[in-house]
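*Asks:* One structure follows; several queries about it will come next.
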Amino acid sequence: MSIPSNIAYGNDRTLTMTILTLGLNHKTAPVGTRERLSFGPDVIVGALRSLTEQSPAQEALILSTCNRMEVYCAMDGGGCEAALREWLGSFHGLEPQLFGQHLYYHQNRDAVRHLLRVASGLDSMVLGEPQILGQVKTAFQTANAAGSTGRMLGKLFQHTFSVAKQVRTDTAIGSSPVSVAFAAVSLARQIFSDLSQQTALLVGAGETIELAARHLHQQGIGRIIVANRTVERAHNVAQQFDGYAIALTELANHLPEADIVVSSTASPLPVLGKGTVERALKKRRYRPVFMVDIAVPRDIEPEVGDLRDVYLYTVDDLQGVVEQGMRSRQQAAEQAMEIIELHTEEFMAWVRSLDAVSLIQDYRSRAEHTRDHLVERAQRQLNAGKPAEEVVCQLAHLLTNKLLHNPSVRLRRAGREGRNELLEAANELFQLKADKAAGQ
């Protein structure tokens, strides 16, 4: 992917404040390792306190989800990867050699770029998934409430939220279906423009059904019914999305209510036959039904697709939609990376500016100290009866000499030593050539 050529990269090695990321994710570590290094909600605050007290980190934030664990830190001076690894192992009671090979480490620009990619969904198991941004926001809120964030991480994460929003707005990173469940809901939206008036009947209670329920709920579905052989499992899914659960034996009774049917069970035989669907259509007065059979082997008899008022799709039908969605998201990811590169440099420019702010404050403080000292001297001379005009002229003369003495000495030395870069910098800083050209 090409990056815009007009980006001017700075030298991060000059930074006095260092930003660090140490972590692992679904691509670098198996689930067992991720579980052992995760931070539950009940220990996050204590972990943040421990991290800022027992490591060089002055600011800290911990992002811990089922697919990743990442520690973000800000500290003075150079990075300290070893200290973070040691703290991580100590906190979890693990020897670093047991997990060290699964960790990745980023510093300054790379750490900022990584966070922007994470929050924008570019580093997720499902490319472009939106849940991670909410998890990053929660991690920041927790760290902020615990008092472990300061000026650096506060600015970084607010910047991150803004960039992630821009990625969502300016690219199609989250709009194309990349899962069978998402594809099913996308097709349902094409058939029923207003899902708030529709009822969805979900058959099964596994991961795919739960994901379909989540997508339907996010799209404002009117009602959700979950049918499963074990009613308790159906209830666990249904209650998350304001739905209600029924036993699989009640399926035929509730089928006439359903405008959308999504089925994914492990049954070796179909759970919905042509006759059952025909009777349901009659009770519905032949209003159309959208049916998706995600199961292998099939849950819905193929002959159901022959019925005039049924739109039946199988997992093979949806696979083409999923593949097209993945291609679309990959293209959007390239656009997103261009946005991220630009905003990474924007943030690093702000970080570098902090050094200039400190320098300006020091320079102004010295000049003000010189001014105050000479004003006091002038005041004493006036009180002693010295003519005001003479005192003012002497004050101006002394102040000019005092302020220009050190820069003049160093510029003469730079000239003797042939340090033309310093002379050019002085010209740019004081705009001497520009003023001379303007006749000032």
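The values are calculated or read from the model by the stated rules, or taken from the named source; none is laboratory data. In this text, all values refer to a predicted model and were calculated from it rather than measured experimentally. Cβ: placed from backbone, ideal geometry, glycine included. Neighbour counts: every protein chain shown.
*Asks:* In the stretch 135-160, which residues are polar (S, T, N, Q) and either within 21 Å of residue 110 (Cβ to Cβ) or part of a helix (DSSP H, G or I) (or both)?
*Replies:* Across the stretch 135-160, the qualifying residues are 135, 138, 141, 142, 144, 149, 158, 160.
*Asks:* Can you name the residue in the stretch 127-164 that is within 26 Å of residue 329 (Cβ to Cβ) and of a type in the set (Val, Ile, Thr) and is also farthest from the chain's Cα centre (by Cα) among such residues?
*Replies:* 138
*Asks:* Does residue 200 satisfy being more than 31 Å from the chain's Cα centre (by Cα), crowded, with 18+ Cβ neighbours inside 10 Å and either in a helix (DSSP H, G or I) or not assigned by TED's automatic domain parsing to the domain that holds residue 129 (or both)? Full working, then the answer.
*Replies:* Values: more than 31 Å from the chain's Cα centre (by Cα): yes; crowded, with 18+ Cβ neighbours inside 10 Å: yes; either in a helix (DSSP H, G or I) or not assigned by TED's automatic domain parsing to the domain that holds residue 129 (or both): yes.
It is true that residue 200 is more than 31 Å from the chain's Cα centre (by Cα), crowded, with 18+ Cβ neighbours inside 10 Å and either in a helix (DSSP H, G or I) or not assigned by TED's automatic domain parsing to the domain that holds residue 129 (or both).
*Asks:* A further question follows. Is it the case that the stretch 319-329 has a residue that's among the small types (Gly, Ala, Ser) and in a loop (DSSP other than H, G, I, E, B)?
*Replies:* no
*Asks:* Right, here's the next one. Regarding the stretch 110-118, can at least one residue be identified that is surrounded by fewer than 19 Cβ atoms within 10 Å (Cβ to Cβ) and either hydrophobic (A, V, I, L, M, F, W, C) or out of contact with any Lys or Arg (no Cβ under 7 Å at 6 or more places or on another chain) (or both)?
*Replies:* yes
*Asks:* Within the stretch 181-190, work out how many residues are surrounded by 22 or more Cβ atoms within 10 Å (Cβ to Cβ) and in contact with a strand residue (DSSP E or B) (Cβ under 8 Å, 6 or more places away or on another chain).
*Replies:* Counting residues in the stretch 181-190 that are surrounded by 22 or more Cβ atoms within 10 Å (Cβ to Cβ) and in contact with a strand residue (DSSP E or B) (Cβ under 8 Å, 6 or more places away or on another chain) gives 3.
*Asks:* Can you name the condition, by its number, that residue 296 falls short on among (1) surrounded by fewer than 13 Cβ atoms within 10 Å (Cβ to Cβ); (2) within 30 Å of residue 236 (Cα to Cα); (3) out of contact with any helix residue (DSSP H, G or I) (no Cβ under 8 Å at 6 or more places or on another chain)?
*Replies:* The single condition residue 296 does not satisfy is (3).
*Asks:* Now, a different point. Within the group 332, 384, 336, 378, which residue is of a type in the set (A, V, I, L, M, F, W, C) and exposed (fewer than 15 other Cβ atoms within 10 Å of the Cβ)? Steps first, answer last, please.
*Replies:* Values: 332 fails: exposed (fewer than 15 other Cβ atoms within 10 Å of the Cβ); 336 fails: exposed (fewer than 15 other Cβ atoms within 10 Å of the Cβ); 378 fails: exposed (fewer than 15 other Cβ atoms within 10 Å of the Cβ).
Matching residue, one of 332, 384, 336, 378: 384.
*Asks:* Then there is this: Of the residues that sit in the stretch 168-180 and are modelled with pLDDT of 90 or more and either exposed (fewer than 15 other Cβ atoms within 10 Å of the Cβ) or polar (S, T, N, Q) (or both), which one is farthest from residue 264 (Cα to Cα)?
*Replies:* Top of the filtered list is 170.
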